[in-house]
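Step one of this worksheet: look at the structure below.
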Amino acid sequence: MCPTSVDGIVQTGIFFLRNGGKVATGKDTGRFGAATAQLGSLADKVSETTSVFGEAAKSATNVLDSGILALAEKAGKTEAVEAFAKKSAETLGTNSIFGAVAQKAVNPLLIGAAGIRILKDDDQYAALIEEGSAMGLMFGAEKAMRSAKSSFFKLTECTDSALKETIEHSDGIKKIAASAAEKFKGLTKGQQSAARVGIGLLFVAGSIGAYSIGQFIGKKLSGRDKQTT
């Protein structure tokens, strides 16, 4: 999948705005680190687009990459850093060393934010159950959606004959995915971009929905679902 596809930009942009908004309003200041990492990841994604924003982001990530490499050279870790960036580019579609670091940092920082919420809660045991349930289901759902999205876009790169053969000789989810990929390939460039935006929005909705469901289950388990405010 193309690392600069609009679905990835949409996803990261919305997550940044959500978390950044919670920090700005003081609702959840513990998300500051995650919001910062998401902004870095967004800059990395935008850096490969052909726009004024893309050029500015590219310049910024190049400067940051130079700084990271300079520090790595002093520590004798240049090869390790370059290998990390290469693997991230292959598996996550990142475009820079800084982007790879930012992308990898998001989830640990979100866990850290959850830890801060737990520590601030009057009933830390109940909060641990609720946050664990919410974050666990959210991360699990995101992993499944990311895998499904990657598989779908790989199908769209197949030849028309290969797709038709897959549709004819497969059944269930694989057949549905191949059929969807065939229809996607038949769309105009503008329609494909619109479809990618929709996919990005679905990913965000799935992540938020999974967190909400996990939180609901967690409150059931902790017994705080019956509390009135």
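Counting just the residues of the range 130-147 that are of a type in the set (A, V, I, L, M, F, W, C) and touching a residue at least 24 places away in the same chain (Cβ under 8 Å), which one comes out least open to solvent (accessible area, probe 1.4 Å)? Among those residues, the one meeting the criterion is 134. Any chance the range 145-154 includes a residue that's under 21 Å from residue 223 (Cβ atoms), among the hydroxyl-bearing types (Ser, Thr, Tyr) and within 25 Å of the chain's Cα centre (by Cα)? The answer is no; no qualifying residue exists. Among what's in the range 198-219 and is open to solvent by 50 Å² or more (accessible area, probe 1.4 Å) and of a type in the set (Val, Ile, Thr), pick the residue that is farthest from residue 12 (Cα to Cα). By that ranking, first place goes to 217. Mind checking which residues of the range 220-229 are in a helix (DSSP H, G or I) and open to solvent by less than 70 Å² (accessible area, probe 1.4 Å)? Hits for the range 220-229 are 222, 224, 225.
Just to verify a result, which residue in the range 84-129, among those that are of a type in the set (S, T, N, Q) and part of a helix (DSSP H, G or I), is least open to solvent (accessible area, probe 1.4 Å)? Reasoning before the result, please.
Taking the range 84-129 and keeping what is of a type in the set (S, T, N, Q), we get 88, 91, 94-96, 103, 107, 124.
Next, only the ones that are part of a helix (DSSP H, G or I) stay: 88, 91, 103, 107, 124.
Details: 88: 4, 91: 93, 103: 52, 107: 60, 124: 90 Å².
It comes out as 88.
Quick check on the range 206-218. Is at least one of its residues over 19 Å from residue 110 (Cβ atoms) and in contact with a helix residue (DSSP H, G or I) (Cβ under 6 Å, 6 or more places away or on another chain)? No, the conditions are met nowhere in the range 206-218. Among the residues making up the range 9-56, those that are hydroxyl-bearing (Ser, Thr, Tyr), open to solvent by 30 Å² or more (accessible area, probe 1.4 Å) and either part of a helix (DSSP H, G or I) or touching a residue at least 60 places away in the same chain (Cβ under 8 Å) (or both) are 29, 36.
The values are calculated or read from the model by the stated rules, or taken from the named source; none is laboratory data. Predicted model only: the values in this text are computed from it and were never measured. Note: ideal-geometry Cβ built from the backbone for every residue, glycine included; neighbour counts use all protein chains shown. Side chains are part of the model used for accessible areas, which takes the heavy atoms of the whole protein and leaves out ligands, DNA and RNA. Shrake-Rupley method; radii C 1.70, N 1.55, O 1.52, S 1.80 Å.
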